[in-house]
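Following: one structure in structure tokens, then a few remarks.
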Amino acid sequence: MAGVRPIPPEAEIRAIVGHSFPGGIYTVAHWENFLLTECTGADLLADGMVHPVVLFHMPILGCGASIAEMFALGQAESDFSIGIESYDWEMFSPLHEDVPYAISGKVVSAERRMTPDNQPYDRIQFQFGVAQADGVLAARTTITWIYRRGLSS
Amino acid sequence: MKVSPGDLIPDWLMESVRPERMRTMAAILRDPNPVHWDRNACDALGFGQRTINQGPLGLSYMVNMLHAWAGQGCLLRLVMTFPKVVLDGDRITARGAVTAVREVDGERFADCDIWLEREPGDRPLIGTATVKLPD
């Protein structure tokens with residue numbers, strides 16, 4: 001039976017700011033880069049360079065998080081209630097296959113907002129760092145998702 | 001490579017967005033959202049029997065365009081918004097235009113507006129990019 005789920009208290013959403021994921025090491029294997037690159041419609045890049053499309057899932061999985069966990073952290077009403085506001089990918093040096101990178105990730109912003117037609121939603125920003133073995137940052141990504149509220153379940 | 005503000009970046013075409021690629025991506029991404037692999041779920045949401053392309057895949061078409069133009073590894077920053085969805089079967093063109101060219105410590109950089117276009121004026125993804133220009 002269809003219904004509308006209760007909207008989580010705004011304080012609970014704000015409280016996730018600063019939440020850090022465990023962190024970890026992620027190495028992009030050749031098979032993974034091959035399949036990812038094929039999905040983009042491009043040929044493999046030269047010299048084992050990883051296609052930048054990896055910068056969506058590599059930070060998430062590498063820091064011990066998951067898309068499902070990120071949905072749950074913002075108390076998503078359903079998979080369908082999530083929208084993408086923006087992805088911001090900063091690349092300081094190319095990533096390569098079979099090289100271990102240290103990944104960190106946390107929630108940097110979480111706030112309730114209203115749509116122009118007065119529907120509440122929560123805007124949550126996650127930021128991830130991808131560092132080389134020497135600690136130098138190779139990439140930083142910021143995911144901004146919106147969690148729509150008051151949708152029929 | 002001579003680049004000036006206002007220059008158009010050569011188009012990059014995805015002739016047909018393929019659902020099997022979304023399924024491969026969903027598996028690699030561990031993405032549980034059925035809109036990327038279950039056409040019935042999309043139908044229930046009003047998209048018809050067509051799955052929704054992952055945001056990063058649409059973004060990757062613009063990466064491919066920039067690589068073809070300025071070389072692999074040229075990309076320094078991408079900021080992308082997603083006003084509309086891309087669906088399986090869509091014919092999508094990645095397009096872009098140079099908005100500024102800068103020189104820092106002997107290296108040249110270009111700021112660009114980039115977007116995906118389904119039909120003239122229909123832009124499901126819109127963003128900006130910064131690339132390092134080749135010599």
Practice task
Please indicate, with yes or no, whether at least one residue in the stretch A:115-122 is among the polar types (S, T, N, Q) and free of Cβ contacts under 8 Å to residues at least 12 places away in the same chain.
Solution key: yes
Handout entry: Counted residues, the stretch A:101-130 - those being farther than 20 Å from A:Val17 by Cβ and surrounded by fewer than 17 Cβ atoms within 10 Å (Cβ to Cβ)
Key = 5
Handout entry: Within the stretch A:52-81, considering residues that are more than 7 Å from chain B (Cβ to nearest Cβ) and not in a helix (DSSP H, G or I), the one nearest to B:Ala44 (Cα to Cα)
Key = A:Ser78
Exercise for the section: Determine whether the stretch A:95-102 contains at least one residue that is at pLDDT 95 or above and either more than 17 Å from A:His30 (Cα to Cα) or touching a Cys at 6+ places or on another chain (Cβ under 8 Å) (or both). Expected result: yes
Practice task
Collect the residues in the stretch A:27-44 that are in a loop (DSSP other than H, G, I, E, B) and at the interface with chain B (Cβ under 8 Å from one of its Cβ atoms), keeping them in residue-number order.
Solution key: A:Gly41, A:Ala42
Exercise for the section: Out of B:Ala70, B:Ala41, report the one residue that is without any contact (Cβ under 8 Å) to a residue 24 or more places away in the chain and crowded, with 16+ Cβ neighbours inside 10 Å. Expected result: B:Ala41
Fill in the blank from the handout: Selection from the stretch A:1-47 of residues within 19 Å of A:Pro59 (Cα to Cα) and of a type in the set (D, E, K, R) yields A:Glu32
Practice task
Determine whether A:Asp47 is within 13 Å of another protein chain (Cβ to nearest Cβ), modelled with pLDDT of 95 or more, in a helix (DSSP H, G or I) and over 19 Å from the mean Cα position of the chain (by Cα).
Solution key: yes
Exercise for the section: Taking the residues in the stretch B:33-43 that are more than 9 Å from chain A (Cβ to nearest Cβ) and hydrophobic (A, V, I, L, M, F, W, C) as candidates, determine which candidate is nearest to A:Ile146 (Cα to Cα). Expected result: B:Cys42
Fill in the blank from the handout: Condition set assigned to a strand (DSSP E or B) and of a type in the set (Gly, Ala, Ser), scope the stretch A:82-102, selection farthest from the other protein chains (Cβ to nearest Cβ): answer is A:Ala102
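Okay, residues lined up against (1) facing chain A (nearest Cβ under 10 Å); (2) assigned to a strand (DSSP E or B):
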residue	(1), (2)
B:Met1	no, no
B:Gly6	no, no
B:Pro10	no, yes
B:Leu13	yes, yes
B:Val17	yes, no
B:Thr24	yes, no
B:Asp31	yes, no
B:Gly48	no, no
Practice task
Would you check if A:Gly24 is more than 9 Å from every other protein chain (Cβ to nearest Cβ) and over 30 Å from B:Ala44 (Cβ atoms)?
Solution key: yes
Exercise for the section: For A:Glu10, work out the one condition from (1) of a type outside the set (A, V, I, L, M); (2) free of Cβ contacts under 8 Å to residues at least 24 places away in the same chain; (3) touching an Asp or Glu at 6+ places or on another chain (Cβ under 9 Å); (4) exposed (fewer than 15 other Cβ atoms within 10 Å of the Cβ) it doesn't fulfil. Expected result: (2)
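The values are calculated or read from the model by the stated rules, or taken from the named source; none is laboratory data. Since this is a predicted model, take the numbers as computed values, not measurements. Using ideal geometry, Cβ is built from the backbone for each residue, glycine included, and neighbour counts are taken over all protein chains shown.
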